[in-house]
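The values are calculated or read from the model by the stated rules, or taken from the named source; none is laboratory data. Because the structure is a prediction, the values reported are computed rather than measured. Every residue, glycine as well, gets a Cβ built from its backbone with ideal geometry; the counts of neighbours run over all protein chains shown.
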């Protein structure tokens with residue numbers, strides 16, 4: 001069953017706002033106001049620490065709903081408030097999210113109502129951190145951030161600037177208007193479901209081209225970026241088919257995964273799945289060349305030199321873009337030099353809709369948890385997504401893909417929502 005888009009939802013967006021015990025909690029009532037004025041229903045869940053900074057009546061006044069703060073609420077549905085709230089929410093946003101709350105969530109603990117709701121919900125979870133700049137930079141906090149991002153939890157901020165403690169640096173909670181804009185594309189429409197109902201085929205990882213039964217040609221791709229993109233597309237409501245080369249990565253939740261080994265196998269499986277696809281994202285590092293023929297037996301080390309004739313592998317990305325009715329097609333370009341020039345040449349040559357480019361080498365790109373991406377599209381369009389963790393960049397990329405898809409395929413977008 002395809003996810004329901006925000007335009008088809010039978011009710012306004014339901015946002016559960018978690019407020020934890022940090023000084024930035026004074027901004028949270030303003031966030032409620034910004035969300036309500038954009039047509040959202042907002043339910044506030046406070047921790048006991050948050051009550052030390054802002055009173056529940058303030059939130060009740062701006063949200064029009066009774067604040068929830070007790071895991072043992074006898075008035076809740078069947079006295080199971082965490083389940084009731086977990087099912088109610090379309091998205092959970094915690095703002096501010098303290099270092100303590102990040103650690104609690106990373107450890108999977110459920111000692112209060114808010115943390116228990118986060119464990120019980122299937123809705124997307126978004127965190128807006130707020131803490132001292134030294135706390136944010138602490139290795140334990142960053143490790144928790146990495147764990148949570150790997151699980152598909154999205155981070156908004158923190159911003160850099162003056163802090164209540166008198167120090168300056170990254171750790172400030174984003175302003176309420178910024179958080180509301182990140183959550184909502186238009187009034188009443190969640191950005192988190194920007195690809196709702198669309199079929200998206202994604203390739204990821206390397207390919208292996210056999211030389212003999214024990215040797216092959218491959219590359220250094222870990223598949224992490226492609227898997228992060230698959231998770232981000234699923235989070236955005238897309239129905240994902242992930243065609244992956246050999247990698248040691250867990251399959252993102254609710255994603256259909258197809259494992260392949262060679263470039264030819266990837267080509268074949270993509271074309272088996274591409275029918276009805278709205279978007280194709282070619283993130284895999286496919287071998288451009290493969291041995292002309294593979295030995296059926298292990299090649300023995302005898303001669304001082306051997307010849308290994310290579311032939312071109314099938315070009316999956318170009319073949320999808322050349323279909324009679326191609327999906328919105330996105331490619332990737334990993335370059336060691338002249339990144340923008342090579343990326344634009346590939347964009348034009350393969351006649352694709354977008355290309356995401358990054359520099360690779362000994363000090364960047366491969367075998368790392370971070371990346372830096374710039375995106376190009378026909379007509380001179382360009383957007384720098386900056387550098388950061390691969391899950392974070394994947395979300396930025398997916399939102400840009402959704403934006404460009406709506407521009408390039410307005411009729412297809414309307415047809416999908418109407419079906």
Within the stretch 102-120, restricting to residues that are crowded, with 19+ Cβ neighbours inside 10 Å and without any contact (Cβ under 8 Å) to a residue 40 or more places away in the chain, the one that is nearest to residue 194 (Cα to Cα) is 115
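Evaluate the stretch 86-101: report whether one residue or more is closer than 18 Å to residue 389 by Cα, more than 17 Å from the chain's Cα centre (by Cα) and in contact (Cβ under 8 Å) with a residue 40 or more places away in the chain.
no
Residue by residue through the stretch 296-316, note down the ones that are farther than 25 Å from residue 394 by Cα, outside any loop (DSSP other than H, G, I, E, B) and within 36 Å of the chain's Cα centre (by Cα).
Within the stretch 296-316, the first condition is being farther than 25 Å from residue 394 by Cα, and the residues that meet it are 296-314.
The next check asks that each one be outside any loop (DSSP other than H, G, I, E, B); those that pass are 310-312.
Correct list: 311, 312.
Mind listing whichever residues of the stretch 231-243 are modelled with pLDDT under 95 and either in a loop (DSSP other than H, G, I, E, B) or in contact with a strand residue (DSSP E or B) (Cβ under 7 Å, 6 or more places away or on another chain) (or both)? Before you say what the answer is, go through the steps one by one.
Within the stretch 231-243, the first condition is being modelled with pLDDT under 95, and the residues that meet it are 231-239.
233, 234, 236, 237, 238, 239, listed by residue number.
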Of the residues in the stretch 139-164, those that are over 22 Å from residue 235 (Cβ atoms) and in contact (Cβ under 8 Å) with a residue 60 or more places away in the chain come to 164
Residue 172 vs. criteria at pLDDT 85 or above, surrounded by fewer than 22 Cβ atoms within 10 Å (Cβ to Cβ), over 22 Å from the mean Cα position of the chain (by Cα) and more than 27 Å from residue 404 (Cβ to Cβ): no
Considering the stretch 102-124, residues that are modelled with pLDDT under 90 and within 22 Å of residue 396 (Cα to Cα), and then whichever is nearest to the chain's Cα centre (by Cα), we arrive at 124
Filtering the stretch 266-295 for residues that are out of contact with any strand residue (DSSP E or B) (no Cβ under 7 Å at 6 or more places or on another chain), part of a helix (DSSP H, G or I) and in contact (Cβ under 8 Å) with a residue 24 or more places away in the chain leaves a count of 2
Note on the stretch 133-164: residues touching a strand residue (DSSP E or B) at 6+ places or on another chain (Cβ under 6 Å), farther than 22 Å from residue 183 by Cα and surrounded by fewer than 17 Cβ atoms within 10 Å (Cβ to Cβ) are 161, 162
Within the stretch 191-208, restricting to residues that are surrounded by fewer than 22 Cβ atoms within 10 Å (Cβ to Cβ) and at pLDDT 90 or above, the one that is farthest from residue 312 (Cα to Cα) is 199
Checking 400, 385 in turn, the sole residue that is surrounded by fewer than 22 Cβ atoms within 10 Å (Cβ to Cβ), at pLDDT 85 or above and not in a helix (DSSP H, G or I) turns out to be 385
By residue number, the members of the stretch 27-46 that are at pLDDT below 95 and farther than 16 Å from residue 91 by Cα are 37
Residue 79 vs (1) surrounded by fewer than 16 Cβ atoms within 10 Å (Cβ to Cβ); (2) at pLDDT below 90; (3) over 26 Å from residue 191 (Cβ atoms); (4) in contact with a helix residue (DSSP H, G or I) (Cβ under 9 Å, 6 or more places away or on another chain): all pass except (4)
Residue pairs within 8 Å by beta carbon, gap of at least six or interchain, first lying in the stretch 124-135 and within 11 Å of residue 172 (Cα to Cα) and not assigned by TED's automatic domain parsing to the domain that holds residue 233, second at pLDDT below 90 and surrounded by fewer than 18 Cβ atoms within 10 Å (Cβ to Cβ), listed first then second, are 132/165; 132/167; 133/160; 133/167; 133/168; 133/169; 133/170
Among the residues of the stretch 131-170, the number that are in a loop (DSSP other than H, G, I, E, B) and touching a helix residue (DSSP H, G or I) at 6+ places or on another chain (Cβ under 7 Å) is 7
Within the stretch 165-184, restricting to residues that are touching a residue at least 60 places away in the same chain (Cβ under 8 Å) and out of contact with any strand residue (DSSP E or B) (no Cβ under 7 Å at 6 or more places or on another chain), the one that is nearest to residue 242 (Cα to Cα) is 180
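Here's a check for you: in the stretch 248-265, which residue that is touching a strand residue (DSSP E or B) at 6+ places or on another chain (Cβ under 7 Å) and either without any contact (Cβ under 8 Å) to a residue 12 or more places away in the chain or outside any helix (DSSP H, G or I) (or both) is farthest from residue 319 (Cα to Cα)? Don't jump to the end; show me each part of the working.
Kept after step one, since they are touching a strand residue (DSSP E or B) at 6+ places or on another chain (Cβ under 7 Å), are these residues of the stretch 248-265: 251, 255-260, 262-263.
Then keep just the ones that are either without any contact (Cβ under 8 Å) to a residue 12 or more places away in the chain or outside any helix (DSSP H, G or I) (or both); that gives 251, 255-260, 262.
On the way: 251: 26, 255: 24, 256: 22, 257: 21, 258: 19, 259: 20, 260: 18, 262: 16 Å.
Among residues in the stretch 248-265 that are touching a strand residue (DSSP E or B) at 6+ places or on another chain (Cβ under 7 Å) and either without any contact (Cβ under 8 Å) to a residue 12 or more places away in the chain or outside any helix (DSSP H, G or I) (or both), the one farthest from residue 319 (Cα to Cα) is 251.
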When (1) over 28 Å from the mean Cα position of the chain (by Cα); (2) surrounded by fewer than 18 Cβ atoms within 10 Å (Cβ to Cβ) are applied to residue 341, the one that fails is (1)
